[in-house]
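Down below is the structure, laid out as structure tokens.
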Amino acid sequence: MTDEHTDRGQFSPDDLGRALHDILDHVELGGWGQPPQLFALVPTSLIAEQNPGLVDEDDDSALSPVAQEPLEVSAGDEPYAQLEEFLATATWSPPVEGVALVLEIVVLPPDAEGDLDSAFEPLLADPAASESAARAAARKHPSARTARLAVGALRGGKTLSLMRLQPAPDDDPDAPMELLTHPELASTLQSALAATLDDREAQG
């Protein structure tokens, strides 16, 4: 193990991508239908130094995910209200160099957007109600696909989102699940996670 990544901002997008990939592989062992899960990203070299038994000798990752306490989420149309509240107030102290969130989402093809308009347009005066109606309509849409989204942020401003679609019933069970990404994928969540890493006390 080396300390080449110990300075803030020295972790690369590849380091973040490796951590998100490892998190997705870990979470997928529990199957689908899981609640959102949060992970602190800690330098692997630091964990190896303080708790050698927790790191494999051949582990060459720069960052290690550390699972946090399960998030309290409510049932119903708005299961992520507590998640939004948490992200608005959370802060992290050193040695946490990054944070990652994994959650399941509904994905629709671009041409399905018009099908949702009729569900929430009558409720536009009530943003919460219109959002709830849109989500409910998306879940019931015949073209809806469930996906697992992993979003991460590092101190210094680097962010990344990765997504895997849940296999369809007629998919080859032995085929590897495709990993998708895009700079604008879950950009709002990227910003929210990055904000939890701000030195808010210093700024205030």
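What follows draws every value from the coordinates through simple rules; no lab data is involved. Since we're looking at a predicted model, the values are computed, not measured. So basically every Cβ, Gly included, is an ideal-geometry build from the backbone, and we count neighbours across all protein chains shown.
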Pair GLN68, HIS182: separation of 7 Å Cα→Cβ label points (nm): 2.7 nm
Potential extension, SER61-VAL106 segment - 0.36 nm per residue separation minus Cα distance: 13.1 nm
Surrounding net charge for LEU165, when Lys and Arg each add one and Asp and Glu each subtract one, Cβ distance under 10 Å: +1
For segment 157-200 versus segment 35-58, the gap between their alpha-carbon centres in whole angstrom: 21 Å
Fewest-first ranking of THR159, THR146, using other Cβ atoms within 10 Å as the exposure measure: THR146, THR159
